[in-house]
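Q: Encoded as structure tokens, here's the structure I'll be asking about.
The values are calculated or read from the model by the stated rules, or taken from the named source; none is laboratory data. None of the values given here were measured: they were computed from a predicted structure. A quick note on method: Cβ atoms are made from the backbone with ideal geometry, for glycine too, and the neighbour counts reach across all protein chains shown. To get the accessible areas, we keep the full protein, side chains included, count just its heavy atoms, and leave off ligands, DNA and RNA. Shrake-Rupley method; radii C 1.70, N 1.55, O 1.52, S 1.80 Å.
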Amino acid sequence: MEDRQAVLVVGGGIGGVQAALDLADSGCQVYLVDRSPAIGGYMARLDKTFPTNDCSMCILSPKLVTCARHPNIRLLTITEVQSVTGEPGAFTVQLKRYARSVDLTRCTGCGDCLEKCPVRLPNEFEGGFSQRRAIYRLYAQAVPNAPAIDRANCLKFTRDRCGNCARVCKAGAINYEEKDEEITLSVSSIIIAPGSEVVSGAVRPEYGYGRYPNVVTSLEFERIMSASGPFGGHIQRPSDKKEPKKIAWIQCYGSRDRSIGREYCSSVCCMYATKEAVIAKEHSRQIEPAVFYMDMRAFGKDFDRYIERAERQYGVRFVHARVAEVREDPETRDLFLRYATEQGQRSERFHMVVLSCGFVPPEQVLILNRRLGLPLNSFSYPEADLWEPVRAGRNGIFLAGSGQGPKDIPETVVQASAAAVKALPGALNYDAVKIADVQTEVAPMVFTAPRIGVFVCHCGINIGGIVRVPEVVELARTLPGVVFAEENLYSCSADSLEKIKNRIKEYRLNRVVVASCSPRTHEPLFQATVAEAGLNPHLFAMTNIRDQCSWVHDDPDRATEKAKELVRMAVARVRRQEPLVSVRLPVTKAGLVIGGGIAGMASALALADAGFDVYLVEKEAELGGVARTLYRTIEGDDIQQRLEEMVRRVMEHQRIKVFTGTTVRQIDGFVGSYETTLSNNERIKHGVVILAIGARYRQPEEFFYGKSEQVRTQKELEEIIARTPERLRQVRSVVMIQCAGSRNEARPYCSRICCVEAIKNALALKEINPEMDVYILYRDIRTYGFKEDFYRRAREKGVIFIRYTPEQEPMVSFAGDRLQVEFFEPVLETTIKLTPELVVLSAGVVAQEGAGELGKMLKVPLHQDGFFLEAHAKLRPVDFATDGVFFAGLCHYPKFIDETIASAQAASARAVTVLSRDFVAAEPYQAVVNPQRCSACHMCENLCAYRAIEVKLVDERQGRYAAVVNPALCKGCGACAANCRSGAIDIKGFAGENIFRELTALFS
Amino acid sequence: MAYEPKIIGFLCNWCTYAGADLAGTSRLQYPPNMRPIRVMCSGAVDSVYILRALLEGADGVFIGGCHPGDCHYVSGNYKTRRRMVLFNSIMESLGLDTDRVLLRWISAAEGKRFADTVTEFTEKLRQKGPSPFKTLWEV
């Protein structure tokens, strides 16, 4: 395909989609292959996502749509990889594309064929709770939106009968003759992002899945809750369609379970089960959710807060117990759970049971791995090196997402971006990069009378469940200038966007209002849609009737009233809106990376390998960051050795300029053209910034730390183990205290790495002296993913794990000069005193000093725990809201080395999407001066923080002066406009006149 | 029906508007009395906008910006703060009620603060009763 080198992405879930978008936005040609008739993967089946409770489809859908219409992406659905031959840079891939039997170029997605198909089959996407036809669409918002024929069940193919679909299709899109197709592609690299599969509900027969109708899997429950699901978002039992009152979630189903050969932890179930419990409770206050768990693994950013809120605010009951068995009462179909808590055996009645199913490598991944020749680890997932976390065992092939091991959405996205930057073809010609079309011409229709179209979104039940959408549409129809108004189930779905475009043409609309969610997330999508229909994207207004209306007001009358008024205001605003044109700003093709630890170095290397100059600034005299004081990973890697290799690569890289012992003094500019002054007074020019300033190990203040040599931190113990292990040979007893000073009021978050550190050190101690008593006092052991295996090994080696609760924290004291630890043993129900020689504290990780200062310099926000705050917790994990600034590693949140490197590479991938272009489009919202009104008072000149406005001689003949705006520098903040004493300045798109019109419309 | 005040909220795009969205994603309930108007920066809120809102019939005007130091446009919120001091002193010298205009810094991470602010401000205006400004306009 064409003259550029291409990349193949296998798997169209969120991982594959993100990788494809990053590559395509960097100017690369991408083939995105998926086995299904539509992309979207598992994320499309989820109802909401933790910890923000964002509607999954709402945040995914814009990405899918962008993917489908990206000029650099070619979607190949119902397609499988057959074989791969060749070498990195020149792979030949054989694909088999199965016949859809529906012509994608002809199908309008009207759905007439679906209704006329006589075949009824269980709908797998909906967990079998509803039916689909033999010609079907995977889900309502499917991308591509065209249905596919399931030939194995279609009467035309099985018995040569029927043919209804072809008869009713007005577009003539049905093609029974279509043949499967062999496709050969030449690609320079391959990303595999096939996702995981969810374990079958039947692996543990004692829970009754398949026999008892009211035992469902967690994925089935997502569909039960979903507004677009089989029950329309009403939570009901499959057996009798009644709303269940008591629902139990059984954790670790098919995970952490040696008896079925799944020893790893699936990493995401604790959080999604809690989310499902919370959302269930939101659906109906009657519901009493209970979660039966082994360890609550809330190890991510804001996860512990989410669990806390679930318990306190929503009344979710967390039961620390393993369920032995589920039995059904055959009459009521209720379920009895038999379980043992620390307090003994119990049996409890529930109305419904949800199995929190873990991940397994799907059959397809195994086949794919065999076809690609990738080595697997002992859990049958593809193996990856900790220091090259997205590189598969074969050169030129990269891994992303849960196909590589259990992962949540943000980690999948991080890995996908990382894989994208690694997969960039070496000789990519960035000059050829297509940038998204920026409207540079003003459509002539502006001067005609306004013809406004209003589209009001239901957002499933998110809006429609509270706001009476039809009433809002009725009101919109009566507003001046409105010629058309209608409602959409999901305005952002591919079919709705297509509909909006058609309406614009059909009704000759010249202005559009969408009343739906937040313009912060969805305005670009709708603007692009409007632009595709030939309108200037600024002849558009969006109003937020979800995040700031239906989600925050529970009174349907008043919420509807508010929504109506918001629509009234938006229509008034858009009526006089003028078309705007973006200015193009040049891009300096270099990056600044702040912080020279593992994250900073990995970012710099990825960026430099992609072909861009990098300035790497480190405040210490040496590169390496906190890793310089670490010795071994739990997997056994020698950190110092690997770090040395990394430092050498950085120092030797021709494109990287390293500044050690240097800090950043001042950063001026904006995306594309920054100018930074360093502490050595050197000035550097760059187009993007990556923050990788790391975090710090916390110095504990509790448990006599610092007062006694016998109380140490895990990090200090690691150093002793590495350097002077002989000192430990005589030690008989060690007590480790987890969460020391963490997960409390002062630091209400989990530091993620401490459990693994403690187990790593405990295993090392057992190695040094197998007779040593090692106790780990913990709240929850959070050895997620494959690290669970080390937890098992530690128990096998005789490390003693004892759980404590925050109400009964262990106490450390001195009996004479003997160290004494006192704690409550929950199983024996007794207090135990130990006199160890060493107490080791897992004291947690805290945010880096100076993060706030840097944040202020770049105008990027901090999270409440002091780490940086990403633009979106799920889908933009390494981006800031501010264009051109990205971040990586521990300044986001505590991380392991492989996670740190993946996030660093991800930040670079995002940076490349900026650097690969020659221009970025400036904010169209800019100050504009009316020289007739300007009195040249210089007030604006003094106020402008960007030095973007200046009083100049504008008319030489008359000697007239007026303020003039520099569009490259103006950010459209409006400081000048608001302070202009002559009222001569306005902000395009936010003109004072427009605001007055909104107010008048509201109060008239 | 009981008296319900109408509030106009000028929310800065980068902090307070995002904070209001976060109140939404966190499902924090607050009274539906405020009509938000998104502006790029609190510093862009001309005093005339506030007066116009009050004269058109708003019972209160809320302005939300980034915390001092956090302004996306370097110093727009400091300009807002200065302007509001001046604005209030003019209101006072005219004998007008300054309690009907509220300026608060609410960040993108402070959904709760946003919800609490709207709740408190609504309650305060409820107790004050309808604004006399609109009648002034009519005269």
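Q: Any residue in the range A:171-179 that is on the phi > 0 side of the Ramachandran plot, surrounded by fewer than 22 Cβ atoms within 10 Å (Cβ to Cβ), not basic (Lys, Arg) and not assigned by TED's automatic domain parsing to the domain that holds residue A:46?
A: yes
Q: Say whether the condition of being of a type in the set (Ser, Thr, Tyr) and open to solvent by 10 Å² or more (accessible area, probe 1.4 Å) is met by at least one residue in the range A:241-258.
A: Scanning the range A:241-258, I find no residue that is of a type in the set (Ser, Thr, Tyr) and open to solvent by 10 Å² or more (accessible area, probe 1.4 Å), so the answer is no.
Q: Same structure, new question: Determine if the range A:749-762 includes at least one residue that is surrounded by fewer than 22 Cβ atoms within 10 Å (Cβ to Cβ), among the basic types (Lys, Arg) and at pLDDT 95 or above.
A: no
Q: Answer with yes or no whether residue A:216 is assigned by TED's automatic domain parsing to the domain that holds residue A:282 and in a strand (DSSP E or B).
A: So residue A:216 passes the test.
Q: Right, next: So which residues in the range A:319-356 are more than 35 Å from the chain's Cα centre (by Cα) and either outside the structural domain of residue A:218 (by TED's automatic domain parsing) or aromatic (Phe, Trp, Tyr) (or both), if there are any at all?
A: Matches in the range A:319-356: A:336, A:339.
Q: Still on this structure, please answer the following. If I ask for residues that are more than 22 Å from residue A:518 (Cα to Cα), assigned to a loop (DSSP other than H, G, I, E, B) and free of Cβ contacts under 8 Å to residues at least 60 places away in the same chain, which ones from the range A:856-881 would you list?
A: Passing the criteria: A:864, A:866.
Q: Moving on to the next point. Given the options A:626, A:574, name the one that is open to solvent by less than 10 Å² (accessible area, probe 1.4 Å), touching a residue at least 40 places away in the same chain (Cβ under 8 Å) and part of a helix (DSSP H, G or I).
A: Just one listed residue meets the conditions, A:574.
Q: Could I ask something else about it? Assess whether residue B:108 counts as being more than 12 Å from the chain's Cα centre (by Cα), within 10 Å of another protein chain (Cβ to nearest Cβ) and modelled with pLDDT of 95 or more.
A: Taking the combined requirement at face value, the residue does not satisfy it.
Q: Right, something else. Residues being within 14 Å of another protein chain (Cβ to nearest Cβ), surrounded by fewer than 17 Cβ atoms within 10 Å (Cβ to Cβ) and basic (Lys, Arg): count how many of those fall in the range A:822-870.
A: Count: 1.
Q: Follow-up question, since we're still on this one. Given the structure, is residue A:905 closer than 19 Å to residue A:741 by Cα and among the polar types (S, T, N, Q)?
A: Against the criterion (closer than 19 Å to residue A:741 by Cα and among the polar types (S, T, N, Q)), residue A:905 does not qualify.
Q: Quick check on residue A:796: is it under 27 Å from residue A:639 (Cβ atoms), without any contact (Cβ under 8 Å) to a residue 60 or more places away in the chain, out of contact with any Leu (no Cβ under 8 Å at 6 or more places or on another chain) and open to solvent by 50 Å² or more (accessible area, probe 1.4 Å)?
A: In short, yes.
Q: Hey, residue B:53 hits all of (1) at the interface with another protein chain (Cβ under 9 Å from one of its Cβ atoms); (2) within 23 Å of residue A:551 (Cα to Cα); (3) not basic (Lys, Arg) but one; which does it fall short on?
A: Failed condition: (2).
Q: Do we have any residue at all in the range A:260-268 that's β-branched (Val, Ile, Thr), touching a residue at least 60 places away in the same chain (Cβ under 8 Å), assigned by TED's automatic domain parsing to the domain that holds residue A:333 and more than 21 Å from residue A:787 (Cα to Cα)?
A: no
Q: If you don't mind, there's one more thing I want to ask. Going residue by residue through the range B:55-72, is there one that turns out to be in a helix (DSSP H, G or I), surrounded by 15 or more Cβ atoms within 10 Å (Cβ to Cβ) and in contact (Cβ under 8 Å) with a residue 40 or more places away in the chain?
A: The answer is yes; a qualifying residue exists.
Q: Separate question: I'd like to check something: does the range A:600-613 contain any residue that is open to solvent by 20 Å² or more (accessible area, probe 1.4 Å) and assigned to a helix (DSSP H, G or I)?
A: Taking every residue of the range A:600-613 in turn, at least one turns out to be open to solvent by 20 Å² or more (accessible area, probe 1.4 Å) and assigned to a helix (DSSP H, G or I).
Q: Another one. Restricting to the range A:221-262, name every residue that is among the basic types (Lys, Arg) and under 20 Å from residue A:323 (Cα atoms).
A: A:245, A:246, A:256, A:258, A:262
Q: While we're on this one: Out of (1) open to solvent by 10 Å² or more (accessible area, probe 1.4 Å); (2) among the aromatic types (Phe, Trp, Tyr); (3) over 30 Å from residue A:305 (Cβ atoms), what's the single condition that is false for residue A:31?
A: (1)
Q: Related question: Counting just the residues of the range A:947-998 that are in contact with a Gly (Cβ under 8 Å, 6 or more places away or on another chain), open to solvent by 20 Å² or more (accessible area, probe 1.4 Å) and assigned to a strand (DSSP E or B), which one comes out farthest from the other protein chains (Cβ to nearest Cβ)?
A: The residue in question is A:953.
Q: Still on this structure: Do the conditions hold for residue A:971, that is, is it within 41 Å of the chain's Cα centre (by Cα) and more than 24 Å from residue B:85 (Cα to Cα)?
A: Judged against the criteria, residue A:971 is a match.
Q: Oh, and also: Tell me, yes or no, whether the range A:87-100 has at least one residue that is among the aromatic types (Phe, Trp, Tyr) and over 25 Å from residue A:236 (Cα atoms).
A: yes
Q: Starting from residues that are buried (at least 23 other Cβ atoms within 10 Å of the Cβ) and outside any loop (DSSP other than H, G, I, E, B), keep the ones in the range B:39-48 and report whichever is nearest to the other protein chains (Cβ to nearest Cβ).
A: Out of the qualifying residues, it is B:44.
Q: Here is a further query. When the range A:882-896 is examined, which residues are found to be part of a helix (DSSP H, G or I) and either free of Cβ contacts under 8 Å to residues at least 40 places away in the same chain or touching a Ser or Thr at 6+ places or on another chain (Cβ under 6 Å) (or both)?
A: Hit for the range A:882-896 is A:889, nothing else.
Q: Still on this structure, please answer the following. Within the set of pairs 6+ apart or on separate chains, which have a first residue in the range A:167-196 that is farther than 30 Å from residue A:360 by Cβ, a second that is open to solvent by 80 Å² or more (accessible area, probe 1.4 Å) and outside any loop (DSSP other than H, G, I, E, B), and C-beta atoms under 6 Å apart?
A: From the range A:167-196, the pairs are A:168/A:116.
Q: Consider residue A:582 against the criteria (1) within 14 Å of chain B (Cβ to nearest Cβ); (2) open to solvent by 10 Å² or more (accessible area, probe 1.4 Å); (3) small (Gly, Ala, Ser): it satisfies all of them except one. Which criterion is unmet?
A: (1)
Q: For the range B:14-32, enumerate the residues that are more than 12 Å from the chain's Cα centre (by Cα), more than 7 Å from chain A (Cβ to nearest Cβ) and open to solvent by less than 10 Å² (accessible area, probe 1.4 Å).
A: The answer is B:19, and nothing else.
Q: Now for a separate question. Any residue that is open to solvent by 50 Å² or more (accessible area, probe 1.4 Å), in contact with a Ser or Thr (Cβ under 9 Å, 6 or more places away or on another chain) and part of a helix (DSSP H, G or I) - is there at least one of those in the range B:118-132?
A: Within the range B:118-132, not a single residue is open to solvent by 50 Å² or more (accessible area, probe 1.4 Å), in contact with a Ser or Thr (Cβ under 9 Å, 6 or more places away or on another chain) and part of a helix (DSSP H, G or I).
Q: A further question on this structure: Can you pull out the residues in the range A:661-675 that are more than 29 Å from the chain's Cα centre (by Cα) and either under 19 Å from residue A:881 (Cβ atoms) or at pLDDT 90 or above (or both)?
A: A:661, A:662, A:663, A:664, A:665, A:666, A:675
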